[in-house]
Amino acid sequence: MAGTTASNTDTAAPYEVDECRGVLRVYSDGSIVRSSKPSFNVPVRDDGSVLWKDVLFDPAHDIHLRLYKPASASASSAKLPIFYYIHGGGFCIGSRTWPNCQNYCFKLASELHAVVVAPDYRLAPENRLPAAVEDGYTAVKWLQAQALEASDAWLADVADFGRVFVSGDSAGGNMAHNLAVRLRAGAPELAPVVVRGYVLLAPFFGGTVWSKSEAEGPKDAFLNLELIDRFWRLSIPAGDTTDHPLVNPFGPSSLDLEPLDLDPILVVAGGADLLKDRAEEYAAKLKAWGKKVEYVEFQGLQHGFFTIDPDSQDSKRLMLIIKRFIDDNST
């Protein structure tokens with residue numbers, strides 16, 4: 001019997017070309033597999049002192065946000081500031097439902113005594129930038145609708161729509177910056193909502209020229225250069241570079257920030273974070289242009305230290321700094 005020969009039309013099985021924290025896998029044929037398991041497998045610490053619920057804020061894309069408020073808050077007590085917390089993950093991974101995100105939001109709601117809004121957003125590479133930034137904008141426009149309609153007593157009875165702060169962690173910090181630039185001081189287009197300030201926690205900025213901390217940072221860092229490059233490769237618009245205006249605030253085609261009227265901004269970085277130099281340069285340039293910007297660096301700490309160990313002394317100190325920033329900019 002004659003043997004069989006492989007046809008030239010036979011194709012090899014798809015192989016993995018990119019992997020992010022065990023939850024996102026991209027294959028050679030373009031297929032994408034996402035695990036339902038979070039990359040941070042920690043227990044959820046829900047002791048009942050903070051109430052929460054999920055809300056669909058973008059029906060067109062089926063995107064939800066998670067609301068948190070102290071259980072002690074009531075319609076008869078003083079209204080609470082609203083604090084957005086936009087999760088990180090290099091624009092490629094992460095979710096409001098991940099335990100590390102939920103635990104940090106419990107702490108924010110409890111220790112800031114605030115209503116916390118934690119929106120999801122579309123992820124890359126299925127949805128490359130600017131999708132995530134557009135979803136962040138939709139999430140704050142959702143709040144405007146709540147302020148105008150006051151139809152959800154769970155929120156309207158306790159929230160002060162005139163004291164809104166927008167924060168983000170890593171990729172979320174990038175989104176907070178881009179929202180600050182789009183909305184400008186006070187965010188007049190969101191009336192009656194008033195944005196009072198922005199908190200950029202280890203913001204995920206990039207550029208075609210490496211910073212010193214990127215080039216010389218340890219290869220075993222929690223967020224190392226190879227992973228930074230992978231996140232950008234998967235999330236920037238096809239054919240573009242990391243000097244894209246949404247990635248590099250000071251890129252060759254980026255908007256000139258000097259003449260813009262911006263709300264106060266708090267920028268936070270870990271001293272051992274490879275993104276540290278970009279955060280420090282961002283704050284220094286804005287401050288030199290007369291913006292109200294504060295830069296706080298936590299010596300020797302890695303990217304995302306505040307969610308990795310929210311009970312550490314440094315994380316507690318950061319919470320006090322955020323609370324002071326809210327108090328200082330609430331009037």
- Note on the structure: Averaged over all viewing directions, the convex hull of the alpha carbons in the stretch 263-331 casts a projected area in nm² of 4.8
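Report the local net charge at K212: Lys and Arg +1, Asp and Glu -1, summed over other residues whose C-beta lies under 13 Å from its C-beta. Each step should come with its number before you reach the end.
Values: positive: K276, R278; negative: E214, E216, D273, D277, E280, E281.
Every neighbour counted, the sum reads -4.
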- aspartates and glutamates within cross-link reach of K316: Cα-Cα under 17 Å, excluding same-chain residues under 8 positions apart? E111, D169, E297, D327
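Provide the net charge surrounding Q302, with neighbours chosen by a C-beta distance below 11 Å and charges set as Lys +1, Arg +1, Asp -1, Glu -1.
Numbers: positive: K276; negative: D220, D273, D309, D314.
After counting each charged neighbour, the total is -3.
Over all alpha-carbon pairs in the chain, figure out the percentage whose distance exceeds 26 Å. Before the final figure, lay out the partial values.
Numbers: 25694 of 54615 pairs.
Of all Cα-Cα distances in the chain, 47 percent exceed 26 Å.
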- Note on the structure: When all Cα-Cα pair distances of the stretch 180-331 are considered, the percent exceeding 22 Å is 46
- Considering every pair of different Cα atoms, what Kirkwood radius, in Å, is found for the stretch 283-322? 11.5
- Message: Which residues does the label zone of H61 cover in the stretch 130-155, counting backbone N under 18 Å from a point 7 Å along Cα→Cβ?
- Response: 130-145
- Query: Which ³J(HN,Hα) values in Hz, rounded to whole numbers, follow from the phi angles of the stretch 157-165 under the Karplus curve 6.51 cos²θ - 1.76 cosθ + 1.60, where θ = phi - 60° and Gly and Pro get x?
  - Reply: 5, 10, 8, 9, 5, x, 9, 10, 10
- Message: Taking all protein chains in place and a 1.4 Å probe, what share, in percent, of the accessible surface of the chain do carbon and sulfur account for?
- Response: 52
- Message: For a Förster distance of 35 Å, can you work out the FRET efficiency between the beta-carbons of F250 and S28, rounded to the nearest 0.05?
- Response: 0.50
- Item | Computed over the stretch 9-107, the ratio Rg/Rh where both radii use C-alpha atoms and Rh is Kirkwood | 1.13
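What are the chymotrypsin sites (Phe, Trp or Tyr not before Pro) within the stretch 235-331 that DSSP puts in a loop, where the Cβ has at most 14 other Cβ atoms within 10 Å?
On the way: sites: F250, Y282, W289, Y295, F298, F305, F306, F325; in loops: F250, W289.
Qualifying residues, ordered by number: W289.
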- So what are the radius of gyration and Dmax for the Cα set of the stretch 113-176, in Å? 13.2, 39
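Show that you can apply the helix-only estimate: for the chain, add -39,500 (n - 2.57) for every DSSP H stretch of four or more residues, divide by all residues, and state [θ] at 222 nm to the nearest 500. Display every interim value, and only then the final one.
Numbers: 9 runs with 98 residues, N = 331.
The helix contribution divided over the chain gives -9000 deg cm²/dmol.
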- Item | Accessible heavy-atom area order of E19, E134, E226, highest first, probe of 1.4 Å | E226, E134, E19
- Query: For the stretch 46-163, how many pairs of lysine residues have a Cα-Cα distance under 18 Å, where the two are 8 or more positions apart or belong to different chains?
  - Reply: 4
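What whole-number value in cubic angstrom gives the convex hull volume per residue for the C-alpha atoms of the stretch 87-239?
Numbers: hull volume 20.1 nm³, N = 153.
Spelled out: Cα convex hull of the stretch 87-239, divided by residues, is 132 Å³.
The values are calculated or read from the model by the stated rules, or taken from the named source; none is laboratory data. As the structure is a prediction and not an experimental result, all values here were calculated from the model. Here the Cβ is made from the backbone with ideal geometry for all residues, glycine too, and neighbour counts use every protein chain on show. These accessible areas exclude ligands, DNA and RNA; they are computed on the full protein's heavy atoms, side chains included. Shrake-Rupley method; radii C 1.70, N 1.55, O 1.52, S 1.80 Å.
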